[in-house]
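Reviewing the structure listed below.
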Amino acid sequence: MEYLLIFISAIFVNNIVLSQFLGICPFLGVSKKIDTALGMAAAVAFVLTLSTIVTYLLQKFVLDAFELGYLQTITFILVIAGLVQMVEIILKKVSPSLYQALGVFLPLITTNCCILGVAILVIQKDFDLLTGVIYAFATALGFGLALVLFAGMREQMSLSAIPKGMQGTPIALLTAGLLAMAFMGFSGVDKGLSALFGL
């Protein structure tokens with residue numbers, strides 16, 4: 001039941017984009033069309049889950065073991081960048097169709113602060129490996145949900161008559177704010193579920 005609470009909380013209550021404001025750059029930049037938003041969401045889910053496993057093992061068996069915790073941020077950045085490059089090379093060789101489908105999204109993930117943020121949060125919250133992976137995957141689903149919803153809203157807005165001064169970035173930021181307020185409605189769900197199941 002604890003895993004279900006972490007899962008629901010990461011997707012709705014503590015959404016990485018709308019509540020913690022990590023990953024805003026791709027959220028605003030890759031959300032003009034639903035198909036590109038879906039591609040970015042899939043790429044983030046894959047890399048976020050994989051990088052959480054690698055950074056967790058690195059933290060526990062290298063940084064903590066040799067008391068090198070002060071190197072955490074730079075190490076995680078290098079590992080994530082290397083992991084993205086490795087995944088890109090492997091996908092190009094093994095599955096060219098998937099590589100073509102992800103396209104430009106894999107290099108964009110290298111600069112996505114959501115990946116680094118989740119890797120650090122897993123360590124800070126002192127999760128074990130399984131809980132960390134569940135949290136990372138749920139966070140990626142929450143990122144994807146917010147991105148696809150926002151992309152759908154932006155596609156709809158492109159068909160609407162918007163005043164000239166509000167077109168482009170201003171209306172996108174206003175819409176993102178309204179979406180974040182909508183997600184605030186989920187703020188008591190995790191507490192309600194934990195009370196219901198006695199956790």
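The values are calculated or read from the model by the stated rules, or taken from the named source; none is laboratory data. Just so we're clear, the structure is a prediction, and the values are computed from it rather than from any experiment. Cβ atoms come from the backbone with ideal geometry, glycine included; neighbour counts cover every protein chain shown. Surface accessibility is based on the protein's heavy atoms, side chains included, excluding ligands, DNA and RNA. Shrake-Rupley method; radii C 1.70, N 1.55, O 1.52, S 1.80 Å.
Quick look at the values:
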item	result
Kirkwood-based Rg to Rh ratio, the chain, C-alpha trace	1.01
Normalised contact order of the chain, rounded percent, pairs of Cα under 8 Å and 6 or more residues apart	44
Under Karplus coefficients 6.51, -1.76 and 1.60, residue-wise ³J(HN,Hα) of the range 175-183 in Hz, glycine/proline x	5, 4, x, 5, 5, 5, 5, 4, 5
Hz values of 3J(HN,Hα) by residue in the range 68-79 - Karplus curve (6.51, -1.76, 1.60), Gly and Pro given as x	10, x, 5, 8, 4, 4, 5, 5, 4, 4, 5, 5
Whichever lysines have a C-alpha closer than 26 Å to that of residue 33, once near sequence neighbours (fewer than 8 apart) are set aside	92, 164
Gaussian network model of the chain, springs between alpha carbon atoms under 10 Å - residue of 132, 165, 82 with greatest fluctuation	165
Accessible solvent surface per residue of the range 113-199, calculated while the other protein chains remain in place, 1.4 angstrom probe, Å²	53
Gaussian network model of the chain, Cα within-10 Å springs - most flexible of 42, 138, 161	161
R0 of 25 Å, Cβ-Cβ distance residue 178-residue 113: FRET efficiency to nearest 0.05	0.65
Within a Gaussian network of the chain (alpha carbon springs, distance under 10 Å), most fluctuating of 139, 131, 49	131
Leading residue at positive end of dipole, the range 29-123 (Cβ point charges), from 30, 107, 68	30
Candidate lysines - alpha carbon under 22 Å from residue 191, same-chain residues fewer than 8 apart omitted	125
